[in-house]
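Colleague: Starting off with a structure, shown below.
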Amino acid sequence: MPDTPSSAAGTGVLADLNALRAIGAYRSGVHKPTFSAPHLESLQWLLAKLPEAGLTGAIDGIGNVLTTSTKTGPKLLAGSHLESQNYAGWLDGPLGVIYALEAARVLNNDPDVTGAVEVAAWCDEEGHFGHFLGSRSYVGGVTEADIDAASDRSSGRAMREALSAAGLAGIPRQAAERGRHVGYLEAHIEQGRTLESEGLKIGIVTSIVGIFQYRITFTGEQNHAGTTRMTDRRDAGLALAKFCVAIDERFPHICGPRTVWTTGRITLDPGAPSIIPGTADMLFQVRDADVAVVARLEAELQTMAEEVNAQARCRVTVECIRRGTPAMMESKFQQAIEAASSNFAGGKSLRMPSGAGHDAQVLATIMPAGMLFVPSIGGISHHWTENTADEDIVTGAQVFVDACRRLLTQ
Ligand code: GLV
Ligand code: MN
Ligand code: MN
């Protein structure tokens, strides 16, 4: 194992990340929804970089960039995603793809390294059309009917139409070749404040949270906002607001130490100033690494709905629309990251769970997987101000390349 920093590792990543940031730039971040022109241009940018890393690759029928090396020996799969949330940050996704590209550039061109890093850019990690569609397709978890049913959550555009406009209609989706890879390694910004607040440089991910999503629908009676007496109203919007407040009062008594919950979208129908809403719905998300905790919270939502229904003013239904399994990261991968951190980050690392979802949790269903975090300034992410210090980006890249080297040579 090398005990001194390799001068080659890390040097190209800032230029590459800034090149991707210039595609679809929005203020200091980017706006690259899945299958938008800047997203597709970013995929083409990556394809053009592959020869530097001794890789060939293509975009498959769901928008994944998948690559192969002809080098003999073990293969490590590494990557992340190139689309962004709307009007969001420049590093959420691209950091992991560029670290993977850097590892491939350094290790695949090194005759002393047996084996190679193969780079992947998974499509739609950010869930514009579904959730983890690209990586789930790769592991065999997406059917043609799923694609037929998928549409862009912002514009409503059908996924089939988006694939066709991107020139991907009729192109086969690529499935994992079982046994080809020794595992999957992904780097990401932390998207929280733990590393920054403790003066640390590297997060060694131990587990990735499960994400559970619910649609909670309230039905009342649409009526005139001026003539309907307060005692006669069946206001679906008010019932929804009370439900949100009740969740915040009741969940803290039964949740786990790291459970989080978010009402990400509320819709009132018809949503006009002079009309009492007849229906209302909310998209409600719970995250925890322990499915038993989520099951307890889900049962509480159902109890709360029964209590509202018993009052007979408005009806409530709670429908689970996404069950995301938590994932454990492989101990061998954690050890490789820890050893690389001792070499390149002065050992300033911490084992920690991920509260964000990542493609690594999907890959972990078919191969050993690991994840490395670098600090996020102020813990901000899913916002265009998201950032990481340049020196932390370079340190992270050096740790990542060394961890890949260790995983290939173990
Ligand atoms: C991924 O972006 C997540 O929402 O956790
Ligand atoms: Mn991400
Ligand atoms: Mn994200």
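Colleague: Rg to Rh ratio, the stretch 231-317, alpha-carbon atoms and Kirkwood radius?
Modeller: Numbers: Rg = 14.2 Å, Rh = 14.0 Å.
Rounded to two decimals, Rg/Rh equals 1.01.
Colleague: I've got another one for you. Cα axis of helix 37-49 to longest principal axis of the chain: angle in degrees, 0 to 90, nearest 10?
Modeller: Approximately 20 degrees, to the nearest ten.
Colleague: Full-extension gain between THR267 and THR365, please, as 0.36 nm times their residue separation minus the C-alpha to C-alpha distance.
Modeller: That pair, THR267 and THR365, stretches by 31.8 nm at full extension.
Colleague: Next question, about the same structure. Give me the extension gain from ARG215 to SER342: residue separation times 0.36 nm, minus the current Cα-Cα distance, reported in nm with one decimal. Present the calculation step by step, with values, prior to reporting the outcome.
Modeller: Details: separation 127, 0.36 × 127 = 45.72 nm, distance 4.53 nm.
Between ARG215 and SER342, full extension yields an extra 41.2 nm.
Colleague: Next up: Calculate the FRET efficiency for ARG160 and ASN223 from the Cβ-Cβ distance with a Förster distance of 45 Å, rounded to the nearest 0.05. Please report the intermediate quantities before stating the final value.
Modeller: On the way: r = 40 Å, r/R0 = 0.89.
In this case the efficiency is close to 0.65.
Colleague: If I take every Cα pair under 8 Å that is 6 or more residues apart in the chain, average their sequence separation and divide by the length, what percent do I get for the relative contact order? Walk me through the intermediate numbers first.
Modeller: Numbers: 937 pairs, mean separation 95.2, N = 410.
Relative contact order here is 23 percent.
Colleague: Take the alpha carbon gyration tensor of the stretch 338-391, find the square roots of its eigenvalues, order them as a ≥ b ≥ c, and report rounded if a/c is under 1.5; if not, report prolate when a/b exceeds b/c, else oblate.
Modeller: Numbers: a/c = 2.48, a/b = 1.10, b/c = 2.25.
Verdict is oblate for the stretch 338-391.
Colleague: Arrange the residues TYR26, TYR87 by how much accessible surface each exposes, largest first, with a 1.4 angstrom probe. Walk me through the intermediate numbers first.
Modeller: On the way: TYR26 70, TYR87 115 Å².
These residues rank, largest area first, as TYR87, TYR26.
Colleague: Say a site is exposed when it is one of the GluC sites (Glu not before Pro), sits in a DSSP loop, and has at most 13 other Cβ atoms within 10 Å; what is then the longest site-free stretch of the chain?
Modeller: Answer - 199-410.
Colleague: Roughly how many Å² is the accessible area per residue of the stretch 242-355, as a whole number, for a 1.4 Å probe? Spell out each step's value before the answer.
Modeller: Working: 6080 Å² over 114 residues.
Spelled out: the 1.4 Å probe surface of the stretch 242-355, per residue, equals 53 Å².
Colleague: Anyone know which of THR227, THR267, THR217 comes out most mobile in the 10 Å Cα GNM of the chain?
Modeller: Sorting by GNM fluctuation, first place goes to THR227.
Colleague: Run the quick spin-label model on SER331 and GLN410: label points 7 Å from Cα toward the beta carbon, then report their separation in nm to one decimal.
Modeller: Calculated label separation equals 1.1 nm.
Colleague: Compute from the Cα atoms of the stretch 190-342 the Rg and the Dmax, the latter being the longest Cα-Cα distance, and quote both in angstrom.
Modeller: 20.6, 71
Colleague: Straight-line reach from LYS75: which lysines have a Cα under 24 Å away, not including same-chain ones fewer than 8 places off?
Modeller: LYS49, LYS332
Colleague: Using a probe radius of 1.4 Å on heavy atoms only, what accessible surface per residue do you get for the stretch 58-194? Whole Å² is fine.
Modeller: On the way: 4550 Å² over 137 residues.
Here the residues of the stretch 58-194 average 33 Å² of exposed surface.
Colleague: Right, another one. When the distances between all Cα atoms of the stretch 120-223 are binned every 5 Å from zero, what whole-number percent does each bin get?
Modeller: Histogram of Cα-Cα distances, whole percents per bin: 2, 8, 14, 18, 14, 14, 12, 9, 5, 3, 1, 0, 0.
Colleague: If you don't mind, another one. Taking Cα atoms, how many degrees apart are the long axis of helix 291-310 and the longest axis of the chain, rounded to 10 and kept between 0 and 90?
Modeller: With rounding to tens, the tilt is 20 degrees.
Colleague: Next question, about the same structure. If each residue of separation counts as 0.36 nm, what is the full-extension length gain between ASP390 and GLU52 once their alpha-carbon separation is subtracted?
Modeller: 119.4 nm
Colleague: Continuing with the same structure: Between ALA310 and ARG258, what's the calculated FRET efficiency when r is the beta-carbon distance and R0 is 41 Å? Round to 0.05.
Modeller: Once rounded, the FRET efficiency stands at 0.80.
Colleague: Report the calculated FRET efficiency for CYS244 and ALA149 (r = Cβ-Cβ distance, R0 = 25 Å), to the nearest 0.05.
Modeller: On the way: r = 29 Å, r/R0 = 1.14.
So the FRET efficiency works out to roughly 0.30.
Colleague: Less than 15 Å from a label point 7 Å out along the Cα-to-Cβ axis of ALA175: which backbone N atoms in the stretch 47-77 qualify, by residue?
Modeller: 61-62
Colleague: Follow-up question, since we're still on this one. Counting only protein heavy atoms, what percent of the accessible surface of the chain is carbon or sulfur at a 1.4 Å probe?
Modeller: Values: 8720 of 16920 Å².
It is 52 percent, rounded to a whole number.
Colleague: Please give the direction-averaged projected area of the C-alpha convex hull for the chain, in square nanometres with one decimal.
Modeller: With every direction weighted equally, the projected area is 20.8 nm².
Colleague: Hey, if you put +1 on the Cβ of every Lys and Arg and -1 on every Asp and Glu Cβ in the chain, which of MET371, PHE333, PRO270 ends up farthest toward the positive end of that dipole?
Modeller: PRO270
Colleague: So what's the Cα pair-distance distribution over the stretch 230-281, bin width 5 Å, in %?
Modeller: Pair shares across the bins are 4, 17, 23, 19, 14, 10, 7, 4, 1.
Colleague: Using the alpha-carbon atoms, what tilt in degrees (0 to 90, nearest 10) does helix 94-108 show relative to the longest principal axis of the chain?
Modeller: 20
Colleague: Another question about this same structure. Please identify every one of the trypsin sites (Lys or Arg not before Pro) in the stretch 155-208 that sits in a loop by DSSP and has no more than 10 other beta carbons within 10 Å of its own beta carbon.
Modeller: Answer by residue number: ARG178.
Colleague: Ok, one more. Equivalent-ellipsoid semi-axes (√(5λ), Cα gyration tensor) for the stretch 106-180, whole Å, largest first?
Modeller: Values: eigenvalues 188, 35, 27 Å².
Result for the stretch 106-180: semi-axes of 31, 13, 12 Å.
The values are calculated or read from the model by the stated rules, or taken from the named source; none is laboratory data. On a predicted model such as this, the values are computed, not experimentally measured, just so you know. Neighbour counts run over all protein chains shown; Cβ positions are idealised from the backbone, glycine included. In case anyone asks, the SASA skips ligands and DNA or RNA and just uses the protein heavy atoms, side chains included. Shrake-Rupley method; radii C 1.70, N 1.55, O 1.52, S 1.80 Å.
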